[in-house]
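Below: the structure, in structure tokens.
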Amino acid sequence: MIATLILQATLIYLPTMIANAMPVFVGIGTPIDGGRVFIDGRRVLGDGKTWEGFILGLSFGYCVGCIEAFILHSFPYILIGFLGSLGALLGDIVGSFIKRRFGYRRGYPLIPLDQTDFTIGATIMLLVGGMDIEFTVFLIGLIMLFVLHLISNRIAFMLGLKSVPW
Ligand code: CTP
Ligand code: MG
């Protein structure tokens, strides 16, 4: 029973995870906020959210969904790949928007926001898109991606892809 739920969460949130992990390979890109500042005088999103990262994350996440659909012979995974990735990237953007409003500079670690914003964004997008996600599956996905986010960021730091280990 629990194994089935874990498998379900893994399959549903795999594109979400990939979409969130890929942008780190961009390095320097074109900021989504165009360098603009908000009414509080701080950057709207900051240099950590780029169009290149967005496109890369969306493309890879979508591809992962397509591969899952192909392997599992299940057409909905194509939609899950697209919606999950889009939601993950938008959730991450909302997370950065919130961080900037609180005055946290780009890259400042804000647990648990950094580890959950993309999973929550993905889930909302998947639900809006008509997908049926059990609450337990969402919770398992949230915990799994929370842990994976901490581990993958440390690895990205050790590989020199990130300047901070979070
Ligand atoms: N990234 C990107 N475009 C995105 C998301 C992420 O280019 N849409 C890249 C940036 O190089 C970013 C890195 O991936 O620095 C890691 O992403 P994240 O941890 O979300 O960004 P932070 O630099 O920590 O910025 P913030 O404080 O706004 O979360
Ligand atoms: Mg970060």
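Coordinate-derived values only; no laboratory data. Since the model is a prediction, treat every value here as computed from it, not as a measurement. Heads up, the Cβs are rebuilt from the backbone with ideal geometry, glycines too, and the neighbour counts pull from every protein chain shown.
Observations on the structure shown:
- Charged side chains reduced to their Cβ positions (Lys and Arg at +1, Asp and Glu at -1) give the chain a dipole of some 680 debye around its Cα centre.
- Taking the average, over residues, of other Cβ atoms within 10 Å as the packing measure, peptides 57-65, 109-117, 78-86, 41-49 rank 78-86, 57-65, 41-49, 109-117 from highest down.
- Dipole moment magnitude, nearest 20 debye, region 1-98 about Cα centre, only Lys, Arg, Asp, Glu C-beta charged: 100 debye
- Rounded to the nearest whole angstrom, the semi-axes of the ellipsoid equivalent to region 24-101, taken from the Cα gyration tensor as √(5λ), stand at 31, 12, 7, largest first.
- Taking Cα atoms only, the orientation of helix 51-72 departs from the longest principal axis of the chain by about 10 degrees.
- Charge dipole (the chain, unit charges on Cβ, about Cα centre) - positive-most of Leu159, Thr10, Val64: Leu159
- Relative contact order (%) - the chain, alpha-carbon pairs under 8 angstrom, separation at least six: 25 percent
- Calculation over all alpha carbon pairs of the chain in 5 angstrom steps from 0 returns a P(r) of 2, 10, 17, 22, 21, 14, 9, 4, 1, 0, 0 percent.
- Signed unit charges on C-beta, dipole axis of region 2-158, positive-most listed residue Ser85, Leu45, Ile124: Leu45
- Based on alpha carbons, the Rg and Dmax found for region 1-45 are 17.6, 51 Å.
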